[in-house]
Amino acid sequence: MAKVTMTVNGKSVSRDVEGRTLLVQFLREKLNLTGTHVGCDTSQCGACVVHVNGEAVKSCTMFAAEAEGAEVTTIEAVENDDGSLSVVQQAFQDHHGLQCGFCTPGMVMTATALLKENPKPSEAEIRDHLEGNICRCTGYHNIVKAIMAASGQDVSSVAAE
Amino acid sequence: MYAFDVERPTSVADAVAALGKEEAQALGGGQTLIPTLKQRLAMPSVLVSLTGIAEIQGVCKDDDGRVCIGGGTKHAVVAKEAAAHYPALAELASHIGDPAVRNRGTIGGSLANNDPSACYPAAALGSGATIVTNTREIAADDYFQGMFTTALDEGEIITEVKFPVPEKAKYMKFEQPASRFALVGVFVAKYADGVRVAVTGASNDGVFRWSEAEAALSKDFSAGALDGLSVPGDGMISDLHGSGDYRAHLVAVMTKRAVAAAH
């Protein structure tokens, strides 16, 4: 066991962890931040995406020890300061960008990172960027629509929900 | 995963010292190694994470005009920072895995692993790059020694990769849609003294140069110059995603497409 210290959602946290403890285990099991999901545990599905130093990464494919000193943001902290839904979260709700919701934390984290880098992505860019996030319910259509809407683009030409 | 310790040195010297321990293993971005550990296919006692070493990160140009990429540089950084210097290399980096994988995976990790379907080996071999380690410089032609096998010694770390910049180049990948690895990927680069063609994803021996195509393209850099040329299906990877003959066919198709799109 070794002590690891990082900033999670703005708060400094320290815990003793094994070398093999994954970042997602650290978040879920040590900090009880269970909003970050484990889907496939093989870095395919993207349900576990969090931001490490502002970049979207799969927390099932990174050790907690590697996040020593890092700033980690999870789905629990993407809401606005007043507790209302973020623009991306609100757009997922408005455009029904989820059904069962299991992939949603990863989708929102990936979409949030995309819009920070590319504030007005095209539909093709959004679909390309979601390559590492798998949804088994929606067929992606409303997810793409929600992200386009979150970026302030007109989605009236995108086919009906 | 079996139990192991993780060390996070901040200099190459400390990393080399840490790798001197019994059963120590270097950890780059971990996008291949961590899944391998989860399957209990490796049992290191210590993982030496290279992600905290600032001196092996970044993209620059040297006095000979080569693009130099630190071994610990992530794919996403290469995609952005190499774009102005070597567009074909940046494009290759921007299509490895998915965005989250590109925010962790490193060029040194990819080259050290030498997966037979990885993209970077094609760029390194196709560009005649030089792989720089903590002890020496290795020409790409000597570096790749078969599937998952390289010239690296135990505990040797890739600190930098130097790419001579071609007049024109292009990487064309026929993606295996589930893994996003190359079913077949071809890197074509036209230099003043000749053309290099490197193929990944196809051969049981890992990345290789297609010398017949290189000779034809060095005389006439056009897709038509490849008419009638083919590689044999023997020795090609055959699996549920494609037979050896199918991959051999794809090699010629992807080479033509790369030549046609080279810029």
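The values are calculated or read from the model by the stated rules, or taken from the named source; none is laboratory data. Given the structure is predicted, the values throughout are model-derived calculations rather than measurements. Here the Cβ positions follow ideal geometry from the backbone for every residue, glycine too, while neighbour counts run over all protein chains shown.
Suppose the filter is crowded, with 24+ Cβ neighbours inside 10 Å and under 17 Å from the mean Cα position of the chain (by Cα); does B:Ala82 pass it? Break it down into steps so the answer makes sense when it comes.
Working: crowded, with 24+ Cβ neighbours inside 10 Å: yes; under 17 Å from the mean Cα position of the chain (by Cα): yes.
The answer is yes for B:Ala82.
Out of B:Ala84, B:Ala88, which single residue is at negative phi and part of a helix (DSSP H, G or I)? Let's see the steps before the verdict.
Values: B:Ala84 fails: part of a helix (DSSP H, G or I).
That would be B:Ala88, the only listed residue that is at negative phi and part of a helix (DSSP H, G or I).
Which residue is farthest from B:Pro177 (Cα to Cα), if the candidates are limited to the range B:232-242 and must be surrounded by 13 or more Cβ atoms within 10 Å (Cβ to Cβ) and under 22 Å from the mean Cα position of the chain (by Cα)?
B:Gly235
For the range A:6-26, enumerate the residues that are under 19 Å from B:Gln39 (Cβ atoms) and facing chain B (nearest Cβ under 10 Å).
Once the filter is applied, which keeps residues that are under 19 Å from B:Gln39 (Cβ atoms) and facing chain B (nearest Cβ under 10 Å), the range A:6-26 yields A:Glu18, A:Gly19, A:Arg20, A:Thr21, A:Leu22.
Against the definition (in a loop (DSSP other than H, G, I, E, B) and under 18 Å from B:Leu37 (Cα atoms)), how does A:Cys45 come out, yes or no? Talk me through it step by step, then tell me what you get.
On the way: in a loop (DSSP other than H, G, I, E, B): yes; under 18 Å from B:Leu37 (Cα atoms): no.
No; evaluated as a whole, the condition is false for this residue.
So A:Ser43 fits all but one of (1) in contact with a Leu (Cβ under 6 Å, 6 or more places away or on another chain); (2) at the interface with chain B (Cβ under 10 Å from one of its Cβ atoms); what number is the exception?
Looking at each condition in turn, A:Ser43 falls short on (1).
One line per residue, one yes/no per condition, for (1) outside any loop (DSSP other than H, G, I, E, B); (2) buried (at least 21 other Cβ atoms within 10 Å of the Cβ); (3) small (Gly, Ala, Ser); (4) touching a helix residue (DSSP H, G or I) at 6+ places or on another chain (Cβ under 9 Å):
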position	(1), (2), (3), (4)
B:Gly206	no, yes, yes, yes
B:Leu217	yes, yes, no, yes
B:Ser230	no, no, yes, yes
B:Arg247	yes, yes, no, no
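Quick grid of which residues meet (1) modelled with pLDDT of 95 or more; (2) outside the structural domain of A:Asn118 (by TED's automatic domain parsing); (3) over 23 Å from A:Ser151 (Cβ atoms); (4) aliphatic (A, V, I, L, M):
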| residue | (1), (2), (3), (4) |
| --- | --- |
| A:Gly10 | yes, yes, yes, no |
| A:Val17 | yes, yes, yes, yes |
| A:Leu33 | yes, yes, yes, yes |
| A:Val38 | yes, yes, yes, yes |
| A:Gly46 | yes, yes, no, no |
| A:Phe63 | yes, yes, yes, no |
| A:Gly69 | yes, yes, yes, no |
| A:Val72 | yes, yes, yes, yes |
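Please specify each residue of the range B:126-150 satisfying the condition of being in a loop (DSSP other than H, G, I, E, B) and within 14 Å of the chain's Cα centre (by Cα). So that I can check it myself, show each step before the final result.
Initially, the range B:126-150 is screened for residues in a loop (DSSP other than H, G, I, E, B), giving B:127-129, B:134-136, B:145-149.
Answer for the range B:126-150, where residues must be in a loop (DSSP other than H, G, I, E, B) and within 14 Å of the chain's Cα centre (by Cα): B:Ser127, B:Gly128, B:Ala129, B:Gln145, B:Gly146, B:Met147, B:Phe148, B:Thr149.
All but one of (1) more than 14 Å from chain A (Cβ to nearest Cβ); (2) touching a Ser or Thr at 6+ places or on another chain (Cβ under 9 Å) hold for B:Asp141; state the number of the condition that does not hold.
Result: B:Asp141 fails condition (2) only.
Which helices (runs of 4 or more DSSP H) does the range A:84-161 wholly contain that include 2 or more residues that are buried (at least 21 other Cβ atoms within 10 Å of the Cβ) and within 12 Å of another protein chain (Cβ to nearest Cβ)?
Numbers: elements: A:87-94, A:104-117, A:123-129, A:141-150.
Hits in the range A:84-161: A:104-117, A:123-129.
Yes/no matrix, rows are residues, columns are (1) in contact (Cβ under 8 Å) with a residue 60 or more places away in the chain; (2) assigned to a loop (DSSP other than H, G, I, E, B); (3) within 9 Å of another protein chain (Cβ to nearest Cβ):
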| residue | (1), (2), (3) |
| --- | --- |
| A:Arg28 | no, no, no |
| A:Gly35 | yes, yes, no |
| A:Gly39 | yes, yes, no |
| A:Val50 | no, no, no |
| A:Ala56 | no, no, yes |
| A:Gly69 | yes, yes, yes |
| A:Val72 | yes, no, no |
| A:Glu76 | yes, no, no |
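For the range B:170-181, which residues satisfy the criterion of being in contact with an Asp or Glu (Cβ under 9 Å, 6 or more places away or on another chain) and at pLDDT 95 or above? Can you show your working first?
Taking the range B:170-181 first, the residues in contact with an Asp or Glu (Cβ under 9 Å, 6 or more places away or on another chain) are B:170-171, B:180-181.
Result: B:Lys170, B:Tyr171.
Do the conditions hold for B:Leu111, that is, is it of a type outside the set (Asp, Glu) and assigned to a strand (DSSP E or B)? So that I can check it myself, show each step before the final result.
Values: of a type outside the set (Asp, Glu): yes; assigned to a strand (DSSP E or B): no.
Criteria not met by B:Leu111.
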